[in-house]
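The values are calculated or read from the model by the stated rules, or taken from the named source; none is laboratory data. Owing to the predicted nature of the structure, the values given are computational and were not obtained by experimental measurement. Neighbour counts are summed over all protein chains in view; Cβ atoms, including those assigned to glycine, are modelled from backbone coordinates with ideal geometry.
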Amino acid sequence: MKQRLLYSIEDRPPWAVAIPLGFQHYLTMFGSTVAIPLILSGPLGLADRPLELGWLMGTMFFVSGLTTLLQTTWGNRLPLVQGGTFSFLAPAIAVAGMASAADAGFEVRLQHVQGAVIAGSFFEIAIGYSGLMGRLLRFVGPITVAPTIALIGLALFELGAPEAGKHWGIGGLTIVLIILFSQYLRARHRVFELFPILLAIVIAWGVAFALTVTGVFPEGHAAFVSFDNVRQAPWVRVPYPFQWGLPTFGIAATVGMVAGYVASMVESVGDYYACARLAGAPVPSSATVSRGIGMEGLGCLVAGIFGTGNGTTSYSENIGAIGLTGVGSRRVVQAGAMFMLGLGVLGKFGALFTSIPQPIIGGMYCAMFGMVAAVGLSNLQFVNLNSARNLFILGFAFFMGLSVPRYFIATPIAFEGSLRFASDVINTLGRTGMAVAAFVALVLDNTVPGTDDERGLTSWTE
């Protein structure tokens, strides 16, 4: 593997080379990093506050650079980019919904999400640095992971076509371009393989801007492009701890967020092994995995303190970039992280992304969330799908993960008096599809009789 690398993990290319190569690593995850604040803008009450949304995006970039430096220097020391995670979206939306029920402003909603992220981070820190992760993985197999990860994408189906359909011309163009670049043209040129989502967004954005300038899209149109937010945004704005106010802690919110942490941890362990192999590093030991998970917990603590509305995790996109470019140097990723710290304090940079029309964002959701769901389903390659046992568990977990949240949204449980916190916990978990699916699959897969080969544990371990 090292013979196929231009720079392996310990190589130290000159900074003049490392900085552009590091920025390329970060370009692969721009789409995901931008998507998370845009998804949360509605639940957090930022949809009509583009200036603050731009600040939130800048905070995401800043924290991504900071946590990447922490992970590559004192964590597992693998060349892994750290950034926001889709695993936290469903719990964050549920927590924000609890706050919005009291007609709270965006600061209060963010404070509730911050509290859940900070409290949950200590769970991941404890799991990582105590070495429990290795022991817990014995109970988590592909039958549990598949519906848990898949429902991260499937549970957000309402954000896809309804948003893109606000103008199918622009939304449909975004979808078609993503499919064209990522599937049909990916073998033609490396740029299409590395940046299909970014290219699609920029082109559709340019078309919408051209139609805005020519008057085809008047002000108020779904695909109207306005750069007023960029003009109003300050050139420099440095994110700072508790910039939205002090966090609000709640048992229900924390328990719901822990479900997101579990999904993030399981996914990250797989990323460590894949990254080590592609970067020419030794196979990660249990100590390396533990340090990595523990540092991701500390990264989530940092994200909660700065108020990104999300946590941090290892990016799989960055691992793909290592395989494609042959650049697995730790210094390269650290150079990119410092670049991101700089972008995070440029107020106009974050504000620029708030001018993306909603149909483009909806089109991006259709492709990205579909891919997240497929990544979850890909874990079933290890499982015997001719087994009636496995088919029942998987089908039941998927169905309950989609159906139970609808029940709790329509008929939430309401206990009185001192038991009120218990109803909040149950309602939060019940509205989080991935938590429901994970619980159902985990219990059934570990209690219903089945061989290790049948359950996919043999191939999964290998």
Task: Checklist (1) closer than 30 Å to residue 289 by Cα; (2) over 19 Å from the mean Cα position of the chain (by Cα); (3) buried (at least 24 other Cβ atoms within 10 Å of the Cβ); (4) not hydroxyl-bearing (Ser, Thr, Tyr) applied to residue 134, failing item - done: (3)
Open item on the list: Give me the residue from the stretch 382-391 that is assigned to a helix (DSSP H, G or I) and in contact (Cβ under 8 Å) with a residue 40 or more places away in the chain and, out of that set, nearest to residue 441 (Cα to Cα).
Closed with: 390
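Per-residue answers, yes or no, for (1) over 16 Å from the mean Cα position of the chain (by Cα); (2) of a type in the set (Gly, Ala, Ser):
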{"residue": "254", "(1), (2)": "yes, no"}
{"residue": "269", "(1), (2)": "no, no"}
{"residue": "292", "(1), (2)": "yes, yes"}
{"residue": "316", "(1), (2)": "no, yes"}
{"residue": "319", "(1), (2)": "no, no"}
TODO: For the stretch 130-142, indicate whether the set of residues that are in a helix (DSSP H, G or I) and among the hydroxyl-bearing types (Ser, Thr, Tyr) is non-empty.
DONE: no
- [ ] Working carefully through the options 336, 320, find the one that is modelled with pLDDT of 85 or more and assigned to a helix (DSSP H, G or I).
- [x] 336
Open item on the list: Taking the condition of being of a type outside the set (S, T, N, Q), outside any loop (DSSP other than H, G, I, E, B) and under 29 Å from residue 127 (Cα atoms), how many residues in the stretch 235-259 meet it?
Closed with: 8
Open item on the list: Tell me whether the stretch 114-127 contains one or more residues that are without any contact (Cβ under 8 Å) to a residue 40 or more places away in the chain and part of a helix (DSSP H, G or I).
Closed with: no
TODO: Among the candidates 54, 58, single out the residue that is touching a strand residue (DSSP E or B) at 6+ places or on another chain (Cβ under 8 Å) and more than 30 Å from residue 326 (Cβ to Cβ).
DONE: 58
TODO: Sort out which residues of the stretch 258-280 are buried (at least 18 other Cβ atoms within 10 Å of the Cβ) and either of a type outside the set (A, V, I, L, M, F, W, C) or at pLDDT 90 or above (or both), and write them in order of number.
DONE: 260, 261, 264, 267, 268, 271, 272, 280
- [ ] Would you be able to tell me the number of residues in the stretch 182-211 that are in contact with a helix residue (DSSP H, G or I) (Cβ under 7 Å, 6 or more places away or on another chain), free of Cβ contacts under 8 Å to residues at least 12 places away in the same chain and over 20 Å from residue 25 (Cβ atoms)?
- [x] 1
Task: Residues of the stretch 138-160 classified as surrounded by fewer than 17 Cβ atoms within 10 Å (Cβ to Cβ), within 21 Å of the chain's Cα centre (by Cα) and either farther than 24 Å from residue 36 by Cβ or in contact (Cβ under 8 Å) with a residue 40 or more places away in the chain (or both), total - done: 1
Open item on the list: Take the residues in the stretch 39-60 that are part of a loop (DSSP other than H, G, I, E, B) and in contact with a helix residue (DSSP H, G or I) (Cβ under 8 Å, 6 or more places away or on another chain); name whichever of them is farthest from residue 97 (Cα to Cα).
Closed with: 49
Open item on the list: Exactly one of these conditions fails for residue 16: (1) in contact with a helix residue (DSSP H, G or I) (Cβ under 9 Å, 6 or more places away or on another chain); (2) more than 18 Å from residue 361 (Cβ to Cβ); (3) among the small types (Gly, Ala, Ser). Give me its number.
Closed with: (1)
TODO: Among residues belonging to the stretch 223-249 that are small (Gly, Ala, Ser) and surrounded by 20 or more Cβ atoms within 10 Å (Cβ to Cβ), point out the one that is farthest from residue 170 (Cα to Cα).
DONE: 233
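Going by the structure shown, is residue 428 among the polar types (S, T, N, Q), over 12 Å from residue 141 (Cα atoms) and at pLDDT below 80? Spell out how you get there, then give the answer.
Details: among the polar types (S, T, N, Q): yes; over 12 Å from residue 141 (Cα atoms): yes; at pLDDT below 80: yes.
Criteria met by residue 428.
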Task: In the stretch 214-234, the residues that are of a type in the set (S, T, N, Q) and either part of a helix (DSSP H, G or I) or without any contact (Cβ under 8 Å) to a residue 12 or more places away in the chain (or both) - done: 214, 229, 232
TODO: Please determine, by comparing only the residues of the stretch 438-459 that are surrounded by fewer than 19 Cβ atoms within 10 Å (Cβ to Cβ) and touching an Asp or Glu at 6+ places or on another chain (Cβ under 9 Å), which one is modelled with the lowest pLDDT.
DONE: 459
Task: Unique match (being closer than 30 Å to residue 22 by Cβ and part of a helix (DSSP H, G or I)) among 179, 170, 175 - done: 179
- [ ] Pick out the one residue from 63, 108 that is touching a Phe, Trp or Tyr at 6+ places or on another chain (Cβ under 7 Å) and either part of a loop (DSSP other than H, G, I, E, B) or hydrophobic (A, V, I, L, M, F, W, C) (or both).
- [x] 63
Task: Sole exception among (1) in a helix (DSSP H, G or I); (2) in contact with a helix residue (DSSP H, G or I) (Cβ under 7 Å, 6 or more places away or on another chain) for residue 76, by number - done: (1)
